[in-house]
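These notes are about the structure you will find just below.
The values are calculated or read from the model by the stated rules, or taken from the named source; none is laboratory data. Since the model is a prediction, treat every value here as computed from it, not as a measurement. With ideal geometry, Cβ positions are generated from the backbone for all residues, glycine too; neighbour counts draw on all protein chains shown. Please note that ligands, DNA and RNA were not included when accessible areas were found on the heavy atoms of the full protein model with its side chains. Shrake-Rupley method; radii C 1.70, N 1.55, O 1.52, S 1.80 Å.
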Amino acid sequence: VQLVESGGDLVQPGGSLRLSCAASGITFSMYVMNWYRQAPGKQRELVAGITSSRITNYANSVKDRFTISRDNAKNTVYLQMTSLKPEDTAVYYCSASRIGNAYWGQGTQVTVSS
């Protein structure tokens, strides 16, 4: 199983980024896909999730700014991030979960700074 995140970058406050996570080795459409993030000195936190039936949920801190989506034909989940703030700076991780199984990517760095 492999989850490979991409799209992290340095961006100015107010800017936008789109993260991608390409999965292989799993039946992607059957998995709940989540984005987590971990800032230096802080615990990893759930940012957004999307179920196999495309029900989504978001952390309060990113509601109305971030959008999670999935393309089952491409085995890829996305995180569109807008109106980025310095406090969004973190390593962003993709996770795939299903009953009894959970897999993680290696993370991609997002830095929001002027």
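Where the accessible area of the chain is counted over protein heavy atoms with a 1.4 Å probe, how much of it, in %, is carbon and sulfur?
Numbers: 2810 of 5990 Å².
Of all accessible area on the chain, carbon and sulfur atoms account for 47 percent.
Loop-only check: which trypsin sites (Lys or Arg not before Pro) in segment 1-100 are DSSP coil with at most 13 other Cβ within 10 angstrom?
Values: sites: Arg18, Arg37, Lys42, Arg44, Arg54, Lys63, Arg65, Arg70, Lys74, Arg98; in loops: Lys42, Arg44, Arg54, Lys63, Arg65, Lys74.
Loop-located and lightly packed - Lys42, Arg54, Lys63, Lys74.
Please list 3J(HN,Hα) in residue order for segment 40-50, calculated via the Karplus relation 6.51 cos²θ - 1.76 cosθ + 1.60 where θ = phi - 60°; whole Hz, with x for glycine and proline.
x, x, 10, 6, 5, 10, 6, 9, 7, x, 9
Rounded to a whole number of µm²/s, how large is the Stokes-Einstein D of segment 2-83 at 10 °C and 1.306 mPa s, given Rh as the Kirkwood radius over C-alpha pairs?
Numbers: Rh = 13.4 Å.
Estimated via Stokes-Einstein, D reaches 119 µm²/s.
Give the distance, in whole Å, between the Cα centre of segment 62-114 and the Cα centre of segment 9-61.
Centre-to-centre (Cα) distance: 2 Å.
Percent relative contact order of the chain, based on C-alpha pairs within less than 8 angstrom and at least six residues apart? Before the final figure, lay out each step's value.
On the way: 274 pairs, mean separation 41.9, N = 114.
Value for the chain: 37 percent.
Per residue, how large is the accessible surface of segment 4-43? Use a 1.4 angstrom probe and give square angstrom. It would help to have the intermediate numbers written out before the result.
Numbers: 2110 Å² over 40 residues.
Accessible surface, normalised per residue, equals 53 Å².
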